Amino acid sequence: MTRDEFLQLGAEYAAGCLQGKELEDFEAYLQTATAQERNDLAELVNTVSLLPLALERKTPPESVREELLKQTRLSPRARDSVEERTKEMAGKIPRPRPSGWRAWMPFGLTFAGLAMVIGFAVYVAGLLNTIESQNRRLVELQDQLQRKEELLGVLSAKQVDMVLMSGLPSNPTSYGKIIWDREKRIAILQVSNLPPVPSDKDYQLWVIKSADGGQPISAGVFAVGSTESFYFKIEQLAVTNPREIAAFAITLEPKGGVPAPTGAMYVAGSPKL
Amino acid sequence: MLVVLAIIKALLERNEVDVRLLERIVKQEQAALAELYDRYAPLVYTLVIRIVKSAPDAEDLLQEIFLQVWNKANTFVQTKGSVYTWIVTIARNKAIDRLRGADKPQRDAGVGDEMLLSLRDETAMANPLMTTISSEYEKMMRDGLATLSAEQRTVIEMSYYEGLTQAQISDQLNIPLGTVKTRMRNGIIKLRDFLKERIEK
């Protein structure tokens with residue numbers, strides 16, 4: 001469309017005279033009109049809108065103004081606005097506080113929810129403790145099983161020696177025995193009724209040889225829990241012949257053991273030759 | 001040139017005042033509506049009484065038009081035209097609707113409020129033709145119409161001030177529809193050119 005063509009149609013459009021297909025086509029064209037064309041059209045529209053200025057001015061009656069202002073005091077928009085504002089304010093104005101049990105219901109629900117959370121946490125913590133305890137117990141039982149299997153292994157040897165040990169005055173109810181596979185030089189210590197060891201202590205097994213002036217030789221350290229019986233594997237016994245052994249003794253020593261016995265002796269026994 | 005710039009500045013300032021008034025009307029300030037009414041009621045009343053040719057109808061329409069301004073002020077978009085053009089368009093459309101059939105919109109076609117506002121021309125506000133009214137413009141418009149041929153002026157006045165369709169004008173003047181269209185087109189373009197020339201002088 002040339003500029004002249006656009007101005008011609010634009011003038012009719014500005015005057016509100018375009019109709020039917022002409023109007024449709026022109027409005028469709030406007031969607032992609034150039035800035036120049038849009039400016040031309042805006043000028044034409046506003047030229048037409050200035051036509052009232054050419055008329056001889058007339059003054060409306062004052063009553064129109066009064067009636068207008070009277071109506072706008074509560075016009076539909078004013079009422080709508082009031083309703084809208086009421087809705088808006090409804091979200092901002094604090095609602096009347098409920099009384100009686102309703103007043104406490106939110107706190108009750110909150111408390112109940114909190115209690116459930118805490119209860120669940122305690123329950124989970126308990127479960128975890130139980131699992132941990134069971135794990136410890138399992139390890140303990142596995143350890144015991146292993147020791148008993150070792151004991152059975154020693155007992156199944158072709159020839160074993162056994163040394164019985166009795167409780168000493170410091171703990172007369174305790175007792176123990178050493179079952180010794182001479183061939184494999186492996187021994188199992190079994191003790192019962194020994195008091196549980198403090199955390200900074202260990203029991204220490206001593207071999208007291210007949211020779212060398214009866215010098216005690218450490219055969220290992222172990223700890224005893226609450227179990228009545230305890231099995232302890234002595235990996236390497238320093239002697240191979242029971243005749244060389246004057247006695248076995250168990251003392252309570254500092255954690256990890258000491259080179260020579262320093263603590264109280266709990267059980268002791270000598271081989272029956 | 002300085003005089004022209006002064007006029008343009010004054011016109012822009014006038015539209016700014018109108019826009020501020022509309023903003024206050026959006027906030028339901030009755031005083032703003034009263035002020036806008038005082039600025040435009042005589043012009044609007046003059047236009048609608050010319051179209052409907054009845055003082056009671058014109059008074060009723062005047063009230064209706066400003067009620068629409070009150071209720072729809074929030075639909076005015078400043079960047080799309082002047083407050084003056086917005087109000088005059090509302091006024092003329094309502095008057096023609098009243099003239100043609102009990103307020104039922106029966107305009108042939110034309111620049112409705114929405115279409116007028118859709119003329120997105122960022123330069124519009126800087127164009128004095130689009131800003132507002134002034135006594136200088138009143139004289140310019142009269143002078144401008146006087147430059148048109150009698151034939152051109154007649155079809156424009158019958159269309160704009162009396163709300164007649166081009167077909168009705170054709171019938172009344174007993175001339176071809178094409179002639180009506182040509183006279184109207186050329187008349188409006190000539191009027192635009194006259195106003196531009198006067199402003200740019």
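Structure data summary
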{"quantity": "Some residue of segment A:75-95 being open to solvent by 50 Å² or more (accessible area, probe 1.4 Å), at the interface with chain B (Cβ under 10 Å from one of its Cβ atoms), within 30 Å of B:T89 (Cβ to Cβ) and modelled with pLDDT of 75 or more", "calculated": "no"}
{"quantity": "Restricting segment B:189-201 to residues that are open to solvent by less than 30 Å² (accessible area, probe 1.4 Å) and hydrophobic (A, V, I, L, M, F, W, C), the residue that is farthest from B:M140 (Cα to Cα)", "calculated": "B:I189"}
{"quantity": "Residue pairs meeting the criteria (Cβ under 7 Å; at least 6 apart or on separate chains; first facing chain B (nearest Cβ under 8 Å), in segment A:2-18; second of a type in the set (F, W, Y) and surrounded by 24 or more Cβ atoms within 10 Å (Cβ to Cβ))", "calculated": "A:A15/B:Y160"}
{"quantity": "Test: residue in segment A:150-171 that is touching a helix residue (DSSP H, G or I) at 6+ places or on another chain (Cβ under 7 Å), over 30 Å from A:T262 (Cβ atoms) and surrounded by 15 or more Cβ atoms within 10 Å (Cβ to Cβ)", "calculated": "yes"}
{"quantity": "Check on B:L62, at the interface with chain A (Cβ under 9 Å from one of its Cβ atoms), open to solvent by less than 20 Å² (accessible area, probe 1.4 Å) and modelled with pLDDT under 85", "calculated": "no"}
{"quantity": "Any hit, segment A:249-267, residues being without any contact (Cβ under 8 Å) to a residue 12 or more places away in the chain and open to solvent by 40 Å² or more (accessible area, probe 1.4 Å)", "calculated": "yes"}
{"quantity": "All positions within segment A:179-219 that are farther than 19 Å from A:A247 by Cβ and either among the acidic types (D, E) or surrounded by 21 or more Cβ atoms within 10 Å (Cβ to Cβ) (or both)", "calculated": "A:D181, A:E183, A:D200, A:D202"}
{"quantity": "Condition broken by B:K139, with the remaining ones in (1) at pLDDT 80 or above; (2) open to solvent by less than 50 Å² (accessible area, probe 1.4 Å); (3) under 21 Å from B:D193 (Cβ atoms) satisfied", "calculated": "(2)"}
{"quantity": "Only listed residue being over 14 Å from B:N186 (Cα atoms) and touching a helix residue (DSSP H, G or I) at 6+ places or on another chain (Cβ under 6 Å), chosen from A:L51, A:L9", "calculated": "A:L51"}
{"quantity": "Odd one out for B:F76, checked against (1) surrounded by fewer than 17 Cβ atoms within 10 Å (Cβ to Cβ); (2) under 16 Å from the mean Cα position of the chain (by Cα); (3) closer than 17 Å to B:E16 by Cα", "calculated": "(1)"}
{"quantity": "Condition check for A:I188: of a type outside the set (G, A, S) and touching a Lys or Arg at 6+ places or on another chain (Cβ under 7 Å)", "calculated": "yes"}
{"quantity": "Whichever residue in segment B:176-185 is open to solvent by 30 Å² or more (accessible area, probe 1.4 Å) and not charged (D, E, K, R) and, among such residues, is farthest from A:L9 (Cα to Cα)", "calculated": "B:P176"}
{"quantity": "Positions within segment A:202-229 being free of Cβ contacts under 8 Å to residues at least 60 places away in the same chain and closer than 21 Å to A:D143 by Cα, in sequence order", "calculated": "A:D202, A:Q204, A:L205, A:A219, A:G220, A:V221, A:F222, A:A223, A:V224, A:S226, A:E228, A:S229"}
{"quantity": "Subset of segment A:166-203 [basic (K, R) and closer than 15 Å to A:F232 by Cα]", "calculated": "A:K177, A:R185"}
{"quantity": "Matching residues, segment B:34-69, being of a type in the set (V, I, T) and free of Cβ contacts under 8 Å to residues at least 12 places away in the same chain", "calculated": "B:T46, B:I49"}
{"quantity": "Pairs, first facing another protein chain (nearest Cβ under 7 Å) in segment A:34-56, second open to solvent by less than 20 Å² (accessible area, probe 1.4 Å) and acidic (D, E), C-beta under 6 Å, six or more apart", "calculated": "A:R38/B:D121; A:N39/B:D121; A:A42/B:D121"}
{"quantity": "Criterion violated by B:F76 - all others in (1) touching a Phe, Trp or Tyr at 6+ places or on another chain (Cβ under 6 Å); (2) facing chain A (nearest Cβ under 8 Å); (3) modelled with pLDDT under 90 satisfied", "calculated": "(2)"}
{"quantity": "Count of residues meeting criterion [at positive phi and either modelled with pLDDT of 90 or more or not in a loop (DSSP other than H, G, I, E, B) (or both)] in segment A:1-60", "calculated": "1"}
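Per-residue answers, yes or no, for (1) open to solvent by less than 30 Å² (accessible area, probe 1.4 Å); (2) at the interface with chain A (Cβ under 9 Å from one of its Cβ atoms); (3) modelled with pLDDT under 90:
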| residue | (1), (2), (3) |
| --- | --- |
| B:M125 | no, no, yes |
| B:T131 | yes, yes, yes |
| B:G144 | yes, yes, no |
| B:E162 | no, no, yes |
| B:N174 | no, no, no |
| B:G187 | yes, yes, no |
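The values are calculated or read from the model by the stated rules, or taken from the named source; none is laboratory data. Only a predicted model underlies this, so the values are computations on that prediction, with no experimental measurement involved. Here Cβ is always computed from backbone atoms with ideal geometry, including for glycine, and neighbour counts include all displayed protein chains. These area figures cover heavy atoms from the full protein model, side chains too; ligands, DNA and RNA do not enter into them. Shrake-Rupley method; radii C 1.70, N 1.55, O 1.52, S 1.80 Å.
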